[in-house]
Amino acid sequence: MKLSQIKYVLEISKHLNFTSASKKLHISQPALSNQVKLLEEELGVKLFLRDKRSVILTPAGEIFVKEFKVLQMQIDHIVSKVKNSDILLSDTLSIGFPDSIDIDSFFIDIFSEFKELYPNIQLKFFRYGIKDLRTQLLNNELDLVFSFSFDINGYNSVEYVEVEKRKAALIMSKNHPLAGKTNLSVSDIQNEPFVCYGPDESYGASILSQTTCQKIGYKPSSFIYAKNSDSIISQVIFNQALTIMDKSICKKNDLIHYDIFSNDYCFEIVGIWKKNIFKPSLEVFIEILKNKEVHHQI
């Protein structure tokens, strides 16, 4: 069996017409028929039933086409990688993060693994607000971004893969009157102001924040909308508002966190890239992401 014979059968299955397939394949119709006949003799089964007016796949032909379509895609992918292997010797990959995400050991391990496999590909990292991050990706200024799954509907024509779950926590200033209270409950925070991303920055974030407050029975005295994480932190520190975020935000700020949520309340972090973008360095990076198990930072 030759790869060319597989290609011939797949092309005939598209048209169910030997003449049309031969034109597409740039070979004569008798030569095409002869190659199919040789393949059928080798397999010991008929792949096509044909008469002067029609061509149909036999049950064996249907199995052949279904299985070899998958193989052909794999072969095409391998050929593409080989042809573009020289590009992987020198390339740049631009990656974006929201300004509220702490780059933990999980991400460091991913980037270290990638650099070990592809030492000549330069990785560049950028931080933006959630809205600006979307804009940078969609304008092709970034190749891939890590962001929150609640914002995925704000993107157009993208693909994504979940990479990490981070437990949600209630965040407040160390100087808040409730700071230091043991066994903090929802009843303790009633009528405290709450700050979150506004709808213009991330519609998904604002809706998630409000529905989360409703689910746990927390009724803030007011909802304060912010444009970025710095604004959220400022409201928490200077206006003693509360917020719900990944607790790692407390590391570099004068904040504390309370675990008042069940493990079901998590922020899902996803890797996002634009569809139909051909860039070998991006493809191999995405492959590494897809092969990773979702990391749980609880």
- When (1) assigned by TED's automatic domain parsing to the domain that holds Ile108; (2) part of a loop (DSSP other than H, G, I, E, B) are applied to Leu178, the one that fails is (1)
- Cβ-Cβ under 6 Å pairs, at least 6 apart or on other chains, the range 106-117 side surrounded by 12 or more Cβ atoms within 10 Å (Cβ to Cβ), far side assigned to a helix (DSSP H, G or I) and at pLDDT below 90: Phe114/Ile288
- When the range 205-222 is examined, which residues are found to be closer than 19 Å to Ile130 by Cα and surrounded by fewer than 18 Cβ atoms within 10 Å (Cβ to Cβ)? Ile207, Gln210
- Message: Any residue in the range 159-187 that is under 14 Å from Leu242 (Cα atoms) sitting within a Cβ distance under 6 Å of a residue that is modelled with pLDDT under 90 and in a loop (DSSP other than H, G, I, E, B)? List the pairs, counting only those 6 or more apart or interchain.
- Response: Ala168/Phe261; Ala168/Tyr265; Ala169/Asp259; Leu170/Ile260; Lys174/Asp254
- Residues that are at pLDDT 90 or above and not in a helix (DSSP H, G or I), drawn from the range 18-45: Ile27, Ser28, Gly44, Val45
- Can you name the residue in the range 242-272 that is surrounded by fewer than 18 Cβ atoms within 10 Å (Cβ to Cβ) and modelled with pLDDT of 80 or more and, of all such residues, is nearest to Asn183 (Cα to Cα)? Asp259
- Message: What's the total number of residues in the range 29-68 that are surrounded by 13 or more Cβ atoms within 10 Å (Cβ to Cβ) and within 30 Å of the chain's Cα centre (by Cα)?
- Response: 1
- Query: Would you say Ser94 is assigned to a helix (DSSP H, G or I), under 22 Å from the mean Cα position of the chain (by Cα), at pLDDT 90 or above and small (Gly, Ala, Ser)?
  - Reply: no
- Note on the structure: Taking first residues from the range 282-298 that are over 21 Å from Lys167 (Cβ atoms) and second residues anywhere that are of a type in the set (Asp, Glu) and at pLDDT 85 or above, the pairs with Cβ under 6 Å that are 6 or more apart or on different chains are Leu282/Asp143
- Message: For the range 230-298, give me every one of the strands (runs of 3 or more DSSP E) that falls completely inside it and has 2 or more residues that are more than 26 Å from the chain's Cα centre (by Cα) and either within 25 Å of Asp76 (Cβ to Cβ) or not assigned by TED's automatic domain parsing to the domain that holds Asp143 (or both).
- Response: 255-258
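For (1) surrounded by fewer than 22 Cβ atoms within 10 Å (Cβ to Cβ); (2) under 28 Å from Ser94 (Cα atoms); (3) in contact with a strand residue (DSSP E or B) (Cβ under 8 Å, 6 or more places away or on another chain), each residue gets a yes or a no:
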site: Leu137; (1), (2), (3): no, yes, yes
site: Ser147; (1), (2), (3): no, yes, yes
site: Asn156; (1), (2), (3): yes, yes, no
site: Val163; (1), (2), (3): yes, yes, yes
site: Pro177; (1), (2), (3): yes, no, no
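The values are calculated or read from the model by the stated rules, or taken from the named source; none is laboratory data. Quick caveat, the model's predicted, so the values are computed rather than measured. Ideal geometry is used to build each Cβ from the backbone, glycine not excepted, and the neighbour counts take in all protein chains shown.
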